Amino acid sequence: MKSFKVLGSGCKNCITTAKLIEDKAKALGVAVEIEKVTDMAAILGFGVMSTPGVVLDGKVVHAGGIPQPDKVAAWLQG
Amino acid sequence: MFEMFTRLADWTISDALALEPGTKLADAVHFFVEDTTKIFFLLVIVVFVMGLFRTMLSPEKVRGYIEGTSRGIGYVLAVILGAVTPFCSCSSVPLFIGFLEGGIPVGVTMAFLITSPLVNEVAVVILGSIMGWKMTTVYVVTGMSVGILGGILIDRFHMERWVEDYVWKIRMGAMTQTDADGSIAGRVRYAWGEVKDIVGRIWVYIIIGVGIGSVLHGYVPQELFSRYASADNPFAVPVAVLMGLPLYSNATGIIPVAEALIAKGVPIGTVIAFMMSVVGISPPEFIMLRKVLKPRMLIFFGVFLTISFTVVGYLLNVIFA
């Protein structure tokens, strides 16, 4: 089970990012848990200023925009 | 090089739609076809090229560049980086907190946030190719000056007390640089992703902007503007600024409207004041910034920008009279 956190204020790009991970996980048959983090203190606590950001198993793997689909696939398969 | 867009527009009215040249409809359609194709063409090229080099410029990096510089240099650096750093407007809040946490003064941070929507490289290239380099230089210099002045005033009058208290308590975790793919294939992929993202976000503003420009160009008589919006009317500038306040568009979308206004003989200062008011002040951004700024700071911010744009309008009308 991979645990993802999507960091963002709840804007459109953040929702798209969460959905992208969810869809890719479904397509690849990987079990995931996705949490949307909107609390500013928590987002900055991860060292991220530009949202959306993505945290995989406690580690920041992406910040500042919607991630590329192949990058998402690599996180899921890695 | 841009003749192909004019020819495409010529062909559209004469061959494709068989419109009578010189009619209002033909003029409007010509404007629409020429501007839409030219703007989207330039938009894709500029965003793609910048995207190739851009993996290196992020708000996290910018914070590092500004941190520790003297205030004077900080303001200038902030407005320059504000113009070229891409970030989703929904990042304004974390960016604001992150800058303050890094010890960057509130004024320098605000200078960055003021300039960011006003000036960007896409708007500069499109403005330059449609309206010439004089207008572009004036626009860029004005936008950056307003940002610097706003920042200086905010620090001079110690407005940091009007930042929400919780902001100062937030501690930022170790900054993580995510691995950017520096290979050519990786850069091309990133740049293409940027094109899709940005075009997807601003195409509506461009279509609306060109649409309004076309109607102004084809249907609104020149006398209307020379009667009400000439430099002789002292109210033209403030009215233009006030009209722009509730409207919001991306910097690129407002260019065709400005183009049509200039062509109708509206003075350059009035047009630039209107553009900046539409682009630089937007209700959604105010709502977002309310999360980190107390109401008094927001009021200062709004009033300062309104007055600045008005002064800029008068000043440019006098200079370029």
Under a point spin-label approximation (7 Å from Cα along Cα-to-Cβ), what is the B:Thr137-A:Glu35 distance to one decimal in nm? 5.5 nm
Rank these for me by crowding, B:Thr252, B:Thr12, going from fewest to most other beta carbons within 10 Å. B:Thr12, B:Thr252
Could you work out, residue by residue across A:45-57, how many beta carbons of other chains sit within 10 Å of that residue's beta carbon, and then give the average as an integer? 6
Using the Karplus equation 6.51 cos²θ - 1.76 cosθ + 1.60 (θ = phi - 60°), what ³J(HN,Hα) coupling, rounded to whole Hz, does each residue of region B:291-304 give in order, writing x for Gly and Pro? 5, 10, 10, 6, x, 4, 5, 5, 5, 4, 4, x, 5, 4
Rank the residues B:Val199, A:Val37, A:Val6, A:Val72 as a footprinting-exposure proxy: fewest other Cβ atoms within 10 Å of their Cβ go first. B:Val199, A:Val37, A:Val72, A:Val6
Enumerate the amide H contacts of A:Gly47 below 5 Å, restricted to partners 5 or more residues apart or on another chain; note that Pro and chain-start residues carry no placed amide H. B:Gly173
Considering the convex hull of the alpha carbon atoms of region A:2-77, report its projected area averaged over all viewing directions, in nm², one decimal. 4.2 nm²
Candidates B:Leu19, B:Leu261, B:Leu242, ranked by Gaussian network fluctuation over chain B, Cα under 10 Å, top entry: B:Leu19
Running a GNM on chain B with Cα contacts under 10 Å, which residue among B:Glu164, B:Glu20, B:Glu34 ends up with the highest mean-square fluctuation? B:Glu20
Could you give the angle, 0 to 90 degrees to the nearest 10, between helix B:24-53's Cα long axis and the longest principal axis of the Cα atoms of chain B? 30 degrees
Based on the Cα atoms of the protein assembly as shown, what semi-axes does the equivalent ellipsoid have, where each is the square root of 5 times one gyration tensor eigenvalue, given in whole Å with the largest first? 38, 29, 17
Can you give the average number of partner chain beta-carbon atoms within 10 Å of each beta-carbon in peptide B:59-67, as a whole number? 2
Using a Gaussian network for chain B with springs between C-alpha atoms less than 10 Å apart, which of these wobbles most: B:Ile80, B:Ile148, B:Ile287? B:Ile287
Summing -39500 (n - 2.57) over every DSSP H run of at least 4 in chain B, dividing by its residue total and rounding to the nearest 500, the 222 nm mean residue ellipticity is -24000 deg cm²/dmol
In vacuum, with every alpha carbon of chain B counted as one equal point scatterer, what does the Debye formula give for log10 I(q)/I(0) at q = 0.07, 0.14, 0.16 Å⁻¹? Two decimals, please. -0.31, -1.12, -1.37
Would you mind calculating the relative contact order of chain A from Cα pairs under 8 angstrom and at least 6 residues apart, reporting the percent as a whole number? 39 percent
Under the helix-only model (-39500 (n - 2.57) for each DSSP H run of 4 or more, divided by the residues of chain A), the mean residue ellipticity at 222 nm, to 500 deg cm²/dmol, is -12500 deg cm²/dmol
Along each principal axis of its Cα atoms, how long is region B:240-321 end to end? Whole angstroms, biggest number first, please. 41, 25, 16
For region A:66-78, take each phi angle, set θ = phi - 60°, evaluate the Karplus expression 6.51 cos²θ - 1.76 cosθ + 1.60, and give the result in whole Hz per residue in order, putting x for glycine and proline. 6, x, 5, x, 5, 5, 4, 4, 5, 4, 5, 8, x
Hey, can you grab everything whose amide H is under 5 Å from the amide H of A:Lys36? Only 5+ residues off in sequence or another chain; H modelled, so Pro and N-termini drop out. A:Val6
Sequence order, region A:2-16: Karplus ³J(HN,Hα) from phi using 6.51 cos²θ - 1.76 cosθ + 1.60, θ = phi - 60°, Hz rounded, Gly and Pro as x, gives 8, 10, 10, 10, 9, 8, x, 7, x, 6, 4, 4, 5, 5, 4
Among B:Ser91, B:Ser226, B:Ser58, which comes first, second and so on when ranked by fewest other beta-carbon atoms within 10 Å? B:Ser226, B:Ser58, B:Ser91
Hey, what did chain B get for relative contact order, percent, Cα under 8 Å, at least 6 apart? 21 percent
Count, lysine Cα pairs under 21 Å in chain B, 8 or more residues apart or across chains: 7
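Readers should treat all values here as calculations from the given coordinates under stated rules, not as data from a laboratory. Quick caveat: nothing in here was measured; it's all calculated off a predicted structure. Counting neighbours? That spans all protein chains shown, and the Cβs are built from the backbone with ideal geometry, glycine included.
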